[in-house]
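The structure appears right after this line, and notes come after that.
The values are calculated or read from the model by the stated rules, or taken from the named source; none is laboratory data. Just so you know, these numbers come straight off a predicted model, no measurement behind them. Glycine gets a Cβ as well: all are built from the backbone with ideal geometry, and neighbour counts include every protein chain shown. Each accessible area value is taken on the protein alone, full model and side chains, heavy atoms only, with ligands, DNA and RNA left out. Shrake-Rupley method; radii C 1.70, N 1.55, O 1.52, S 1.80 Å.
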Amino acid sequence: MTSASSGRASDTGLRPGVLAADSLGFGRPHFNAWISTPAPAVVEAVARAGFHSVTLDAQHGFVDFAGVVDGVAAAALAGRPALVRLPLGGFALGARALDVGAAGVIAPMIDDADLARTFVDAVKFPPVGRRSWGPIRALGLLGLERDDYLDRANRLTLALAMIETGRALENVDEIAQVEGLDGLLIGPNDLSVALTQGATVDPAHPTVVAALDRVLAAARRAGKPAAIFANTPSFASDYVRRGFAMISLGPDVAFLASGAERALSDVFDAPATGAGSGG
Ligand code: 3PY
Ligand code: MG
């Protein structure tokens, strides 16, 4: 993977830490690192590895609000925007995450347009939604004055709906068209569990693979980007070929485990020299 450009600040006139919907692009995949561990040093190290952005996972990861505050700041230190994946129905945390400078929020299990609208209501300012005013940390992190932030926040912060159930697939066009929703993000693990009626967790299952094009097409019709979580680099390469705008890799604990395994196997594969090799 190539290293991410650090050009967001110069593109927008804003400090690093901004991920506007249009920066996901359509011809140029955006690589996002999924983070379960809210330790600032972990977030910063992963963000500096070359990803374009990170996602702090408050659904299945260990991230609480304090972890969001610290994680957003750690990512900003590395010049990278941070998204936050919310717990189920945790739209209030979405608005708080944006208040402390998250560049976007991801809502899991959005099954229909009504739920997508409730999500948008919480995280977009009027007239699009009903987000309550209070970007206490976002102003400083982004380097914006109050009115400037109010004017630009709806465009600068992303609201992404996860498509990961059969019902979401049935309603994907209506969900994608919801005003203020910036894009779709497929959870292929949950989608496989749902589409096989709980028989398997397998993002390569034919029913999941068939669903990918359906979601991509709905996003395209709505003029919005489609993103996806990739369990492995080879899934990620396939998703790049299929035209996903953002691909999330991880989580951090998997990076750590594979790095540790590689370090250990490098030790055993190293040619024997020194003490034990005679002399
Ligand atoms: C899924 O694949 O279901 C996800 O939510 C990705 O983390
Ligand atoms: Mg999921």
Quick one: P(r) of the range 91-190 from all Cα-Cα pairs, 5 Å bins, percents rounded to integers, in order of increasing distance.
-> 3, 14, 26, 22, 16, 10, 6, 3, 0
Return the ratio Rg/(2.2 N^0.38 Å) for the range 81-149, where Rg is computed over Cα atoms only.
-> 1.10
Rounded, prolate or oblate: which fits the range 15-94 when a ≥ b ≥ c are the square roots of the eigenvalues of the alpha-carbon gyration tensor, with rounded for a/c under 1.5 and prolate only if a/b beats b/c?
-> oblate
Let me know the shape class of the range 139-193, please: from the alpha-carbon gyration tensor, a ≥ b ≥ c as square roots of the eigenvalues, rounded when a/c is under 1.5, otherwise prolate if a/b is greater than b/c, or oblate.
-> oblate
Please give, to one decimal in nm, the separation of the simple spin-label points placed at residue 174 and residue 272, each 7 Å out from Cα toward the Cβ.
-> 6.9
Over the range 25-261, what per residue volume does the convex hull of the Cα atoms give, in whole Å³?
-> 115
Measure nothing but the geometry: give the 0 to 90° angle between the long axis through the Cα atoms of 233-242 and the longest principal axis through the Cα atoms of the chain, rounded to 10°.
-> 40
Mean Cα-pair separation over length for the range 72-159, i.e. relative contact order, pairs under 8 Å, 6 or more apart, % | 28
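Rolling a 1.4 angstrom probe over the protein heavy atoms, how many square angstrom per residue are accessible across the chain? Intermediate results must be reported in sequence, preceding the final value.
Working: 12470 Å² over 279 residues.
Per-residue value: 45 Å².
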Efficiency by 1/(1 + (r/R0)^6): what FRET value for residue 130 and residue 155, r their Cβ-Cβ distance, R0 = 22 Å, to the nearest 0.05?
-> 0.80
